[in-house]
Each structure stands twice: as C-alpha cells, then as structure tokens.
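Read through the structure below, which is laid out as structure tokens, and then see the notes.
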Amino acid sequence: MDQLTHLLEGFSVALTPINLLWLLIGAVLGTAVGVLPGLGSAMAVALLLPVTFSLDPTGAFIMFASIYFGGLFGDSTAGILLNTPGNSSAIATTFEGHRMAKDGRAAKALGTSAMGAFLGGMIATTLVVFFAPYLVKLATLFGPAEYFALAAFAFVAISSVVAESVLRGLLALAIGLALAMVGIDGPSGAARFTLGLPQLFDGISIIVITVGLLALGEVLHVASRIHRDGAVTRVSAGGSPFLNWAEFRKAFPAFLRGTSFGVPFGVIPVGGSEVPTFLAYGTEKKLAQRRKDPDFGGRGAIQGVAAPEAAGNATAGTAMGALLALGLPTSATAAMMIAAFQQYGMQPGPLLFERSADLVWPLLASLFVGLIILLIINLPFAAVWAKLLLVPKHYLYAGITLFAMLGVYAIASAEMDLWLVLGIGLLGFLMRRFSIPLAPVLIAAILGPLAETELRRSLAVSEGDLGILVGSPITITLYSLMAIAIGFTLFQALRRRGAKKREAVGATRS
C-alpha cells in the first residue's frame, strides 16, 4: 500500500502541464532518433544532457525516460519497413516484421509492434513499482560463472534456433566472436586482430557492426537485385494498424511470453534487450514449427513481431527499476542516465528512494503516462510511416546509406569507422547471398566480450578450477537447457533429413 500511495503522489507531479510537455517532447525525439539506423535512445540522451542543465531534475529525468522508451518504439519502424533496424534491440522484430511489410501488411506490423512495446513496458513498470525488492534479489544471485553460462546459453540457443542449418549458425557465431575479439585484451594488454592499426585498439563498436551488417548489407543486397526486382517498390502501404479479434488472439499469448523473457533480463547486465528479444523470437519460431504455421518465415507471422517487441520494452522497464534501486546500468541508455544523475549530484541505488523520493516516484509514474503517449503517437501514424514503402528504392536506400554513415561517424568522428562499416557491409551482403544468418553474428558480437570477461573472472576466483563453471543451481540449469536445445535441434535435423530421403525414394519408385 505504501508503494501505491507514493505512486499516486508521483502521478500528481507527472501530470502537471510542464512535465506532460517534457514527456511529449521526449517521446517524439526518442521515436524520431530511434528510426535512424545506428542512432538510438542512448545517443539521444547523450546529445540532450547539456541541454537539460536549465531544467529541474524531475523534468529532465521524465524527458530522459520518455526518450528511452520512445527510442525502443522508433527502433523497430525502420527495421519493419526497410529491414534496417534503428538499433540492435529491434533486430529480432525485423525478421518477421519486414516480411509482413513486403506482403502488404506494413501498417499491421507497425501496429503490432506498438502494442507489444506498450504492453511489455506497462507490465514491467508495474512489476518494478510493486516487486522491486524481489528483482534486486534476482540480480544478486548472478556471479561471474552464471553470467558466462547465460552468455553461452544465448550463443547456442540463437545459433540453433534462428538458423535453418546448425552449421551455418555456428559459422555465423564464429564470425561474431572474431569481430568481438578485435582490440586490446584487457588483462594482458596485448593487441588482438588489430593488423597493427592504432585505430582498432579500442575494438569495433557494436553500432558499427550493426549498421554494417543490417543497414549497409541490406542496401548492397537490394542493389544487387535492383534489375531483377524492379526499381520501384510495388507493395501496398495501406491497411489498418489495428488488430482484429483473430489477430489479437494470436498475438496476445506472444505478448505475454515476450514480456516473461524481458522482465528478468532487465536486472541482469548482459548488454540490453538483445538477448531476450532473440530468445522470445526463437521461442515463437519453435512453437510455429510445432503447429506447422506457414506464415512464420514465409509471409510474416504476427507472433514474430509481438514477442520481441514486448520483450524489448519489458527489459527497458525493469532496467529502469534496476537503475533506480541498485544503481546498476544494464543497458547503454541506463549507463547514460547514471551520468545524468551524477550531473545533478545524485547517485542511484538503494538510498535513492529515501533521499530523493520526490524525484523517483514522479519518474516511475511518468513511465506509465509516457507509454500511453507513445502508443497514441505510434499506433494511428503507423499507416503514415508505411508510406515510406512507396518511395522508389534508389532514393530510399540512398537516404538509408547517408543516415547510416552519418550515425556511425557521429559516435566517435572516426574515419576508420566508415571504412569498417563498408567492410562489414560487404560481409553482410555475402552472408545474405550464401544464406548465412545474421542473428548469431550480432548476438556473439554483443555478448562475446561479456562471456570472455566473466569466464576469466570465474577462473581467477577459482584459481583455474573449471568446476566453478557448474558450481551453482543456476549454471547447472542453464547448461542442462543448453544440452536439451542441442539434442532437440539435432533430432529435428535428422528427422528432416530422413523425411527428405523417404520422399526421394518414393519419387524414384513412382
């Protein structure tokens, strides 16, 4: 009841005209920046930090939180329409969302995305308000061995689920790990895979990898097929973004399943919402294979958009709780918000709720209001965004290339990043040409450094004893699930191979 009383007091502050204005500005800016490839909510917060010096702390953080969620809403828009997600959190949504767009259901895909993001964020924020102490306990159960097991589980799950071929999935995983290992090795200080270039000592930014593989790789792929597919996009951009009853019945369980993936990951520092969105997508794909759904991977399944979007915003919701209650940044945007707290002379953590309750509860209340504003902004305008599909391809993809390069250059103003984007874009083009999946590359590049660091930390604590890697119930559970996933994948592959052989024998006899 105390939480409810504090939350109602927070609403009385968040719903004042000036704070509603900051919410609206943040929602619009976050959505707009999220649409651009390579940019995202973290960069939007970074760019606006100096601007907010003149604002009171409550107004500034309300706007930052609205940018945070707005970026997640916007990230999926370009991914669905153009197969170039604004940030890595929207990669999983792109797989089915873009297929829906090519099938003339772009507005429906955007509407599903907005509803999933709204429901996931709303459920997660509610849980943060009422169950923050339990989320804190969950985070404290994870040590170095558990983080390594979690990363290894994500590697295997994504490589086996997303890829049609396990071999291709493992190849993609190896490419991602190779990209993640470029730079200076922290413990030893040795340079790895840098080719003697000082510009590579800091490694390759995940933004550079994401933009190169997804944005520029897609541009090159489309350019290679321009005479075969036609110079102008000929798909329908019309339709309603609102789900009918049959579509809602399909999507609603996926919303809940995606949210269940996202909620716990928000308090575990594994780099953001990429892991839960991929796991949510993989789960929906496995379920679709069981029920033999022809839409999944073909015409685009609503569940493949609903689950990752709910997972992404659910992660953002609980990440905000972890930031406020623990001072633990579990994503890039949360890390930027810690800098914002320090700018105002505050330190997020357990004492923040006692010392700055007049800031925390209006901020939590503003998350609920901000999600409603974002739904109002995004859902009716989905059909307007879908009109992008009517722009001729040569203009559209030239614009994507320009914005992608500007976004990458804006991160560090480094010329080397532009050359790296070009090289990784060529790699993405070749991977598309030879049907090598992109998802394992991205998940390995994101989680590779975490896995290496935690493995070394575990072995340092145990003085080289490998038993520490399977020394807790959490690690045993994760490795058991990994073994089951591998066994099931191999069984499915052998089953498909046997079915093809029987078909071939039957065709020969006939």
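The values are calculated or read from the model by the stated rules, or taken from the named source; none is laboratory data. Note that this is a predicted model, so its numbers are computed, not measured. Here the Cβ is made from the backbone with ideal geometry for all residues, glycine too, and neighbour counts use every protein chain on show. To get the accessible areas, we keep the full protein, side chains included, count just its heavy atoms, and leave off ligands, DNA and RNA. Shrake-Rupley method; radii C 1.70, N 1.55, O 1.52, S 1.80 Å.
3J(HN,Hα) couplings calculated from phi for the stretch 351-358 with the Karplus curve 6.51 cos²θ - 1.76 cosθ + 1.60 (θ = phi - 60°) are, in sequence order, 7, 5, 5, 7, 7, 10, 4, 5 Hz; Gly and Pro show x.
In this structure the amide hydrogen of T194, modeled in the peptide plane, comes within under 5 Å of the amide hydrogens of G183, none closer than 5 places in sequence on its chain.
At a 1.4 Å probe radius, which order do H221, H394, H98 fall into by accessible area, largest first?
Details: H221 50, H394 100, H98 20 Å².
Largest accessible area first, the residues go H394, H221, H98.
Heavy-atom accessible area with a 1.4 Å probe sorts K292, K108, largest first, into K292, K108. Converting phi to 3J(HN,Hα) with the Karplus coefficients 6.51, -1.76 and 1.60 and the offset θ = phi - 60°, the stretch 396-406 yields 4, 6, 5, x, 4, 4, 4, 5, 5, 5, 5 Hz in sequence order, with x at every glycine or proline.
Hey, what's the chain come to in accessible area per residue, 1.4 Å probe, Å²?
43 Å²
Computed over the chain, the Cα gyration tensor eigenvalues convert (square root of 5λ each) into semi-axes of 34, 28, 24 Å, ordered from largest to smallest. Packing, as the average of other Cβ atoms within 10 Å across residues, places the peptides 197-206, 479-488 in the order 197-206, 479-488, highest first. Residues whose amide H falls under 5 Å from that of G104, counting only those 5 or more places apart or on a different chain, are S236, with hydrogens built in the peptide plane.
How much of the accessible area of the chain, probe 1.4 Å, is carbon plus sulfur, in whole percent?
68 percent
Within the straight-line cut-off of under 30 Å between alpha carbons, the lysines reachable from K286 are K102, K108, K250, K500, K501, sequence neighbours fewer than 8 places apart in one chain being disregarded. Accessible surface of E415, taken over heavy atoms with a 1.4 Å probe and every protein chain present, rounds to 120 Å². For the chain, the relative contact order works out to 28 percent when only alpha carbon pairs closer than 8 Å and six or more residues apart are counted.
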